[in-house]
Amino acid sequence: MPYKTTVGRTVYRFEDLKTVLAKATPERSGDHLAGIAAESAEERVAARMALADIPLKAFLEDFVIPYESDEITRLIVDRLDYKAFGEVASLTVGEFREWLLADSTDTETIARVSPGIMPEMAAAVSKLMRAQDLIAAAKKIEVVSSFRNTIGLPGRLSVRLQPNHPTDDPKGVAASILDGLFYGAGDAVIGINPASDNIDAVCKILTMLDSIISHYEIPTQACVLTHVTTSIKAIERGVPVDLVFQSIAGTQKANESFGVSIALLKEGMEAALSLGRGTVGNDVMYFETGQGSALSANAHHGVDQQTIEARCYALAREFHPLLVNTVVGFIGPEYLYDGKQIIRAGLEDHFCGKLMGLPMGVDICYTNHAKADQDDMDVLLTALASAGVTYIMGVPGADDIMLNYQSTSFHDALNIRRLMGLKPAPEFEEWLIGTGLADEGMGLIPQTSANRLMIGAMEL
Amino acid sequence: MNEMSFRTEDPWRPLKRYTNARIALGRAGSSLPTKEVLSLSLAHARARDAVLRELDLYGMGRTLSSLGIDVVPVTSACRDKEEYLQRPDLGRRLSEGSRETLGVLAGARTANGDFDIVLIVADGLSSLAVERQAKPFLEAYLPLAAGLKVGPLCLANYGRVALSDEIGSILGSRLVVILIGERPGLSSPDSLGAYLTFAPRVGTTDERRNCISNIRPEGLSPAKAAVKLDYLVRESLARSMSGISLKDEQREMLPDR
């Protein structure tokens, strides 16, 4: 169904919902590359005006990708909680923005409505929101998940310890893990991107991570970020797998290019659940997403990259994941050109993920061919911490020597926790104090050779 | 030196011998020591310079001509670096002028029959890589290609890997190899990659290519990379294919670097 809006003497006409959504999106290189971006700044605002007047009910009929041809659309529609939607069913997108920001809408209200929100509605409203709106609305939302610790409680910020090494050298990996632990990182997960997807190599790292976690009795979980099929094989071999990881996308075709489907993810989740390795809870899935992946797989169906990103979250919420993070600036300047576009996308993804009920973290990052630097990451980190981001990455010195990109560092995580008065997951906080790494105020304690971890480090 | 220090050193510095990751950096409060802030800035500055540096087509053309091979400068459909970084689709296609130039060359060629191989040097994401590694690599490789019908060397500006498909198909070469600047890492701003495609044509997908990456003195040396490429070129020509199936057998026959 076409939508129209008049600005001055110009009538703007948009073919259908996906066209309005694409044209209303804040400018980014990926939508230009796809040829679906607004052609002028005025057209962009006109599209937002048209979008603001569209009733949320219209989203139940005008699908951006047809129901028949895409299993993600079918999941979105079939699993939507229509009763929860009822509470906002009479609103337009513009009114939905005001509803989210209203003083009367609190944590409980949003939690009640969240299962009734389609990803396209979340994406749509985010396009009408400024950065401060994305922060303020996300801050209201609370999503808690657990495995060996509790992630996402108010006043907490968790950190994934990312000890990557270009050859997966066990001592090289262990050295970075110890460095991260000394800095108080690792409560979200100790998660390695392996240099090789080879099953034997993956099993070796998994076993090593398990022995470090049990040796120091760290209340956290391990993950090797390999393909779901490799994790399933590792579980079949009897190797200790805490979390099953997978990169996911927002269309069936893009997921096929990743070699995954809803059924395969269910298989992975059941395999991990069968091990029963969680202590505090049993959320076993870890997903990564990122704007632009569907376009790069030529599987975007003419839908803008931010809307497709939000569709990932509908897929993710089906699995009650422990962790979900967008890898916001990893994909490169063809999709998010500079610091400004990366910052905007990071705030959108975090807000949409939280609104869809996910424990949303962000890999605040950039590649060297993007027009961005550490200052941009500092700004995004500070904004996201204000928005209540669930977790961020901790990479030694922000420099990932295996994936060749820059993220946030152990120092950055420590800094933002101190600045905003945020603490790690409670079980991990207790461990940091008990192990003599941090004081009650989460200040680092200068280390001496008597500390268990120091002894371990010297004996490596 | 001042007696006072506002810096906390990390006593686990001995761990540095196990990894090049930036560990045991110490801290000033919760932040990096000044030396480490500057060290990270320098690495990033070098990587950015490598990406944005314009390839000196004239100078590079002269350098490569000195190897005794005909050099043809070409350019992709991108107008500048900014467009190049945002429009991979344009970086995969020739400009109209370059298409005409190559068409004329192709017309003159037919008397001598098809080329076995056409080599391309392209700036990609690091002109620095091309400036530093292209000459030593070709010096090592060209003697190995003796006996093959080698086409003119194309020196390409604002090129992506798939630009080699159009160049190879216009020149009617059986096989094409593009040497291209790789995305710079903080510790490797000047790394060159080589991508080989048999029967190149526009629209070829990546699984039909073979790649040799990290060509630089600190990684895979240009001389070793040349031997590796020579092996791949001969196998590809002998078996009329390139890509995944070629790679699988290569793994068994050739020790990895």
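The values are calculated or read from the model by the stated rules, or taken from the named source; none is laboratory data. All figures in this text were calculated on a predicted structure; none of them were measured in a lab. Here the Cβ positions follow ideal geometry from the backbone for every residue, glycine too, while neighbour counts run over all protein chains shown. Surface areas here come from the heavy atoms of the whole protein model, side chains and all, with no ligands, DNA or RNA. Shrake-Rupley method; radii C 1.70, N 1.55, O 1.52, S 1.80 Å.
A residue that is open to solvent by less than 20 Å² (accessible area, probe 1.4 Å) and away from chain A (no Cβ under 14 Å) occurs somewhere in the stretch B:91-99.
Filtering the stretch A:227-249 for residues that are crowded, with 24+ Cβ neighbours inside 10 Å, within 20 Å of A:Gly292 (Cβ to Cβ) and touching a Lys or Arg at 6+ places or on another chain (Cβ under 9 Å) leaves a non-empty set. When the test is whether a residue is assigned by TED's automatic domain parsing to the domain that holds A:Cys312 and open to solvent by less than 40 Å² (accessible area, probe 1.4 Å), A:Val159 passes it.
Looking at (1) over 23 Å from the mean Cα position of the chain (by Cα); (2) among the β-branched types (Val, Ile, Thr); (3) outside any helix (DSSP H, G or I), can you tell me which one A:Ile190 breaks? A:Ile190 satisfies every listed condition except (1). Restricting attention to the stretch A:291-315, and to residues there that are among the small types (Gly, Ala, Ser) and open to solvent by 10 Å² or more (accessible area, probe 1.4 Å), which single residue is nearest to the chain's Cα centre (by Cα)? Only one residue fits best here, namely A:Ser293. Just so you know, in the stretch B:5-58 the residues that are of a type in the set (Lys, Arg) and facing chain A (nearest Cβ under 7 Å) include one that is farthest from A:Tyr405 (Cα to Cα), and it is B:Arg27. With respect to being touching a strand residue (DSSP E or B) at 6+ places or on another chain (Cβ under 7 Å), within 12 Å of another protein chain (Cβ to nearest Cβ) and at pLDDT 95 or above, A:His411 fits the description. Of note, A:Thr382 satisfies the criterion of being open to solvent by 30 Å² or more (accessible area, probe 1.4 Å), more than 21 Å from A:Phe287 (Cα to Cα) and away from every other protein chain (no Cβ under 13 Å). Quick one: how many residues across the stretch A:208-238 are assigned to a loop (DSSP other than H, G, I, E, B) and either under 23 Å from the mean Cα position of the chain (by Cα) or under 25 Å from A:Ser158 (Cβ atoms) (or both)? Result for the stretch A:208-238: 9.
The numbered conditions (1) within 14 Å of chain B (Cβ to nearest Cβ); (2) farther than 20 Å from A:Gly302 by Cα are all true for A:Pro55 except (1). Among the helices (runs of 4 or more DSSP H) confined to the stretch A:84-128, there are none with at least 2 residues that are more than 13 Å from A:Ala138 (Cα to Cα) and of a type in the set (Ser, Thr, Tyr). Pairs linking a residue in the stretch A:10-23 that is open to solvent by 40 Å² or more (accessible area, probe 1.4 Å) and β-branched (Val, Ile, Thr) to a residue that is at pLDDT 95 or above and assigned to a helix (DSSP H, G or I), with Cβ atoms under 8 Å and 6 or more positions apart or on different chains, are A:Thr10/A:Glu42; A:Thr10/A:Ala46. Do you know which residues across the stretch A:272-289 are assigned to a helix (DSSP H, G or I) and open to solvent by 20 Å² or more (accessible area, probe 1.4 Å)? Those that are assigned to a helix (DSSP H, G or I) and open to solvent by 20 Å² or more (accessible area, probe 1.4 Å): A:Leu273, A:Ser274, A:Leu275.
The residues on offer are B:Ala21, B:Ala50, B:Ala28, B:Ala43, and the sole one that is at pLDDT below 95 and of a type in the set (Gly, Ala, Ser) is B:Ala50.
If the condition is being touching a residue at least 12 places away in the same chain (Cβ under 8 Å), of a type in the set (A, V, I, L, M, F, W, C) and more than 20 Å from A:His215 (Cβ to Cβ), then the stretch A:419-452 contributes A:Leu419, A:Met420, A:Leu422, A:Met442, A:Leu444.
So which of A:Gly172, A:Gly186 is in contact (Cβ under 8 Å) with a residue 40 or more places away in the chain, in the same structural domain as A:Ile262 (by TED's automatic domain parsing) and open to solvent by less than 10 Å² (accessible area, probe 1.4 Å)? It is A:Gly186. Of all the numbered requirements in (1) at the interface with chain A (Cβ under 7 Å from one of its Cβ atoms); (2) under 24 Å from the mean Cα position of the chain (by Cα); (3) open to solvent by less than 20 Å² (accessible area, probe 1.4 Å), B:Gly61 misses one, and that requirement is (1).
Just to be sure, is A:Val303 part of a strand (DSSP E or B) and in contact (Cβ under 8 Å) with a residue 12 or more places away in the chain? Spelling it out, it is not the case that A:Val303 is part of a strand (DSSP E or B) and in contact (Cβ under 8 Å) with a residue 12 or more places away in the chain. Restrict the check to the stretch A:333-351 and report whether at least one residue is within 15 Å of A:Gln291 (Cα to Cα), assigned to a loop (DSSP other than H, G, I, E, B) and open to solvent by less than 10 Å² (accessible area, probe 1.4 Å). Taking every residue of the stretch A:333-351 in turn, at least one turns out to be within 15 Å of A:Gln291 (Cα to Cα), assigned to a loop (DSSP other than H, G, I, E, B) and open to solvent by less than 10 Å² (accessible area, probe 1.4 Å). Could you tell me which residue of the stretch B:203-229 is farthest from B:Ala129 (Cα to Cα), considering only residues that are touching a residue at least 60 places away in the same chain (Cβ under 8 Å) and hydrophobic (A, V, I, L, M, F, W, C)? Here the answer is B:Val227. When the residues of the stretch A:52-110 are filtered to those that are open to solvent by 20 Å² or more (accessible area, probe 1.4 Å) and of a type in the set (S, T, N, Q), the one that is nearest to the chain's Cα centre (by Cα) is A:Thr107. Each residue in the stretch A:83-126 was checked for being free of Cβ contacts under 8 Å to residues at least 24 places away in the same chain and β-branched (Val, Ile, Thr), and 1 pass.
Among the residues of the stretch A:392-401, none qualifies, meaning not one is surrounded by fewer than 24 Cβ atoms within 10 Å (Cβ to Cβ), farther than 19 Å from B:Ser41 by Cα and either hydroxyl-bearing (Ser, Thr, Tyr) or within 14 Å of chain B (Cβ to nearest Cβ) (or both).
Annotation note: of A:Leu265, A:Leu181, the sole residue that is open to solvent by less than 60 Å² (accessible area, probe 1.4 Å), in contact with a Phe, Trp or Tyr (Cβ under 8 Å, 6 or more places away or on another chain), within 14 Å of chain B (Cβ to nearest Cβ) and assigned to a helix (DSSP H, G or I) is A:Leu181. Within the stretch A:120-138, is there a residue that is over 24 Å from A:Gly281 (Cα atoms) and within 14 Å of chain B (Cβ to nearest Cβ)? No: the stretch A:120-138 contains no residue that is over 24 Å from A:Gly281 (Cα atoms) and within 14 Å of chain B (Cβ to nearest Cβ).
Checked against (1) away from chain B (no Cβ under 14 Å); (2) among the hydroxyl-bearing types (Ser, Thr, Tyr); (3) open to solvent by less than 10 Å² (accessible area, probe 1.4 Å), A:Thr367 passes all but condition (1).
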